[in-house]
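The values are calculated or read from the model by the stated rules, or taken from the named source; none is laboratory data. Since this is a predicted model, take the numbers as computed values, not measurements. Here Cβ is always computed from backbone atoms with ideal geometry, including for glycine, and neighbour counts include all displayed protein chains.
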Amino acid sequence: MTKEHILENTRQFVKKTLLGEASGHDWWHIVRVTKTALTIAKSEGADLFICEMAALLHDMADSKLFDEGKALAGVKHFLSQQGLTQNQIAAITSIMTGISYKGGHNSAELSLEGKVVQDADRLDAIGAIGIARTFVYSGNKGRLIYDPSMKPREHLTLEDYRKGEDTAIMHFYEKLLKLKDLMNTTEGKRLAQGRHQFMESYLQQFYAEWEGER
């Protein structure tokens, strides 16, 4: 089976699984992350096939969406059916389990390809699209847009991060505004600059509108 056949089978596998997902981790998130991962991979000299496969599959064992252990076993089975080697399967699945933010508590050692995919995934969490995804996710989870009495939390545990006692605006300070300085690659850092600045401008506008000043 050619790499293009494997990639097409993977696209169909992921698209079918994430059909109807409404928390911002949908098929189009995968498409965007994959495009960005390839842009970064070409700039950084990473393995394009591993980057594209890992980008396509990166949410397929996400604990926010699935039973992580069961889902990861399903992905490994799918990859073995495509004829990938054990080394290729290990390279892809280690990226899947290693790139999640987890409230800043994920300290996994990443390959170059893992760093590329992590940067691409984080870039989709910031900027104009990141803002849109933040509000989609908050609405999906029944969280408020903003409550001035609720302040961003420092030194979050993973449990605190995951239990959802926050607002959409708090999420900017607890995660999104931190991502620019956590980029791994030169290209990722370059792309993050403009997206970060857009979020800062958005927040200035948001607060001005909240106070009825603009």
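Miscellaneous remarks
- Residue in the stretch 182-198 that is small (Gly, Ala, Ser) and modelled with pLDDT under 95 present: no
- Residue in the stretch 145-157 that is at pLDDT below 95, more than 20 Å from Ser63 (Cα to Cα), among the hydrophobic types (A, V, I, L, M, F, W, C) and outside any helix (DSSP H, G or I) present: yes
- Test set (1) over 25 Å from Glu21 (Cβ atoms); (2) crowded, with 17+ Cβ neighbours inside 10 Å - Gly127 fails condition number: (1)
- The stretch 158-170: number of residues that are in a helix (DSSP H, G or I), surrounded by 13 or more Cβ atoms within 10 Å (Cβ to Cβ) and more than 17 Å from the chain's Cα centre (by Cα): 3
- Some residue of the stretch 80-90 being under 22 Å from Ala132 (Cα atoms), at pLDDT 95 or above and touching a helix residue (DSSP H, G or I) at 6+ places or on another chain (Cβ under 6 Å): no
- In the stretch 182-196, the residues that are in contact with a Lys or Arg (Cβ under 9 Å, 6 or more places away or on another chain) and either more than 12 Å from Gly130 (Cβ to Cβ) or surrounded by fewer than 14 Cβ atoms within 10 Å (Cβ to Cβ) (or both): Leu182, Met183, Asn184, Thr185, Glu187, Gly188, Lys189, Gln193
- Residue within the stretch 133-144 that is within 15 Å of the chain's Cα centre (by Cα), among the small types (Gly, Ala, Ser) and surrounded by fewer than 18 Cβ atoms within 10 Å (Cβ to Cβ) present: no
- Residue satisfying all of: in the stretch 1-23; within 17 Å of Ile92 (Cβ to Cβ) and among the acidic types (Asp, Glu); surrounded by the most Cβ atoms within 10 Å (Cβ to Cβ) among these: Glu8
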